Amino acid sequence: MPSKMRYKLASPKKSDAQSLAVLSGEQLEHRRAEVNTAIKTACDYLNSDGVDPRNYVEQLAWMFFLKAFDEAEAVRADVAVFEDKMVENRLPVEFRWATWSKLTDRPDEMLKFVNDKLWPRLLSMGTDPVAQRFQRIFSTVRNYCRRGVIFAKVVDQVNRLHFSDRTDVMILSELYESLLKQVAADSPGYAGEFYSPRHIIRAMVRVVRPRIGDRIYDSCFGSAGFHAESADYILKTTPRMSGADLHKLQHATFYGVEFKPLSYLLGTMNMILHGIESANFELANTLELHTPNVPESRKYSVALSNPPYGGKLDRSLQTNFTIQSSATEILFLQHIMANLALGGRAGVIVPEGVLFRGGPDAKVRERLLKEFNVHTVLSLPAGCFLPYAGVKTNVLFFNREKDGKTTKDVWFYELTNDGFELKQTRKPIEGDQFPDFLAKWEERVCGENSWIVPLAEIEKRGWDLSAKNPNRVADADQRKPLELVESIKAKQERISALADELEEVLIANGA
């Protein structure tokens, strides 16, 4: 890790720039440069105080959160005055960002106030939803600044940002996610757990097409990439929104559970940067909360997720699962199936092994195919999640149809080029196949990389849903070396899982 912050933050795509057309091109780029400089300068100050680069995001996230909350409170107060209504401060004035952040000329006093008075106050605000959110966040994050003078300089940089300004928020969302990605790349064992490639998320959102009125759920939301992209998609595809629509978008659209406290903070902050201040996020272990009998009124019309895989769940905690397995990826899939509402659409990323392994995995696939309409399997190339993991993955798209229709056949698309090198560096390359996939999936067009398999054939091969392209040589030796390695690893993982299950049985029987 370099001693100096050298993160290169992303430039906007044309569609993002067009949405900022309220400013001239020159004004927009000038403001973008100012915001970019503020974030980079803040990171440089943190570096000078000995803060590890992987903690930059956490430090900035809680500061962004407090400033964004303070600005939202100011707007709420202005609206109340306009409507001649009373408004209660949810945080006393002395603890508001606008109050204590003015003490930059007395840096040691400010740092002491934050550590000794502000933090305890944020942990004891009450029992309402806002107070609980503060408690969840500030009970698990920390202030990494050790010197008042450095803390004051970071506060000065954050004060250059304006969360009530739509232009700033859109620029910040780009730079924030770019910083998330860079930290994830530099610390794969740390941040790789919560970052999913945005181009994959974007394609999945375009297939499930979230809209106003949907309840959108992610069972392990991490940095809230699926929710943020869904919010952007809804705003772009809904030209005119009523006040009721906007209220629904803010308060009754986005739902999720996250087990890791830091990821919870990052996801919450990411949603604020995408204009959603009241996402319904819970800090908990999804698998421990699972129940197979969810009331229809509590289910979700859209489920988008990239569940963690490779983990193990103790047998004693699996009693609520219809099909028990030590592999967390198959438990998460069951959880998503149990929570999808009638008429719902789902897109879930799973490792390759889930699609062909026997035992519990095969039983879950059979249920999925017989109870839902599995319409599409998108095979992703091994390496598209580098530098975090080289495992080969697939995206399962399935619906719970209102007319009760279940799977008759499955459309497969083998994507071998996602627009980036399948190496640690992941540099952009020509030949991105995502546009071709998105152009073909709805009409289920067959071609060199796409084909349809009837349910009867899938059943004959043990409910195997792995993509076996009939248009190319089936010889395993023709596969790319990385694919072969991942196939071997998947089989080894299954052998290990079976060994664990056998060990549990033997122990239970006193053998």
**Asked** So which residues in region 343-367 are farther than 23 Å from ASN417 by Cα and touching a strand residue (DSSP E or B) at 6+ places or on another chain (Cβ under 6 Å), if there are any at all?
**Response** GLY344, ARG345, ALA346
**Every residue from region 89-141 that is under 30 Å from LYS260 (Cβ atoms), part of a loop (DSSP other than H, G, I, E, B) and out of contact with any Asp or Glu (no Cβ under 8 Å at 6 or more places or on another chain)** = LEU123, SER124, MET125, GLY126, THR127, ASP128, SER139, THR140
**Item:** So TRP451, is it assigned to a loop (DSSP other than H, G, I, E, B), surrounded by 17 or more Cβ atoms within 10 Å (Cβ to Cβ) and not charged (D, E, K, R)
**Value:** no
**Complete:** Checked pairs for region 290-319, first under 28 Å from GLU229 (Cβ atoms), second of a type in the set (A, V, I, L, M, F, W, C) and assigned to a loop (DSSP other than H, G, I, E, B), C-beta under 7 Å and 6 or more apart or across chains, list as HIS290/PHE321; SER305/CYS220; PRO307/CYS220; PRO308/CYS220
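Residue-wise test of (1) touching a residue at least 12 places away in the same chain (Cβ under 8 Å); (2) within 24 Å of TYR309 (Cβ to Cβ); (3) among the basic types (Lys, Arg).
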residue: VAL391; (1), (2), (3): yes, yes, no
residue: ASN399; (1), (2), (3): yes, yes, no
residue: LYS408; (1), (2), (3): yes, no, yes
residue: GLU421; (1), (2), (3): no, yes, no
residue: ARG426; (1), (2), (3): yes, yes, yes
residue: PHE437; (1), (2), (3): yes, yes, no
**Prompt:** In the set GLY275, GLY267, GLY243, which member is in contact with a helix residue (DSSP H, G or I) (Cβ under 7 Å, 6 or more places away or on another chain) and of a type in the set (Gly, Ala, Ser)?
**Reply:** GLY275
**Fill in**
Of the listed residues (ALA38, ALA61, ALA42, ALA68), the one being at pLDDT 90 or above and closer than 15 Å to SER173 by Cα is ALA38
**Asked** Of everything in region 93-119 that's free of Cβ contacts under 8 Å to residues at least 24 places away in the same chain and closer than 23 Å to SER139 by Cα, which residue is surrounded by the most Cβ atoms within 10 Å (Cβ to Cβ)?
**Response** LEU118
**Request:** Identify all residues within region 428-448 that are loosely packed, with under 12 Cβ neighbours inside 10 Å, under 18 Å from PRO381 (Cβ atoms) and not charged (D, E, K, R); write none if there are none.
**Result:** PRO428, GLY431, PRO435, GLY447
**Request:** Report, by residue number, each residue of region 45-58 that is part of a helix (DSSP H, G or I) and surrounded by fewer than 17 Cβ atoms within 10 Å (Cβ to Cβ).
**Result:** SER48, ARG54
**Prompt:** What do you reckon, is THR393 of a type outside the set (A, V, I, L, M) and buried (at least 21 other Cβ atoms within 10 Å of the Cβ)?
**Reply:** yes
**Message:** Condition (residue is modelled with pLDDT of 95 or more, out of contact with any Cys (no Cβ under 7 Å at 6 or more places or on another chain) and crowded, with 23+ Cβ neighbours inside 10 Å) applied to region 399-409: is it met by at least one residue?
**Reply:** no
**Residues that are modelled with pLDDT under 95 and not in a loop (DSSP other than H, G, I, E, B), drawn from region 211-225** = GLY225
**Message:** Name the single residue that is surrounded by the fewest Cβ atoms within 10 Å (Cβ to Cβ) among those in region 328-370 being touching a residue at least 60 places away in the same chain (Cβ under 8 Å), more than 19 Å from GLY462 (Cα to Cα) and more than 19 Å from the chain's Cα centre (by Cα).
**Reply:** LEU342
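The values are calculated or read from the model by the stated rules, or taken from the named source; none is laboratory data. Just so it is clear, the structure is predicted and the values come from calculations on it, not from any experiment. Methodologically, a virtual Cβ is constructed for each residue, glycine included, from the backbone with ideal geometry; neighbour enumeration extends over all protein chains shown.
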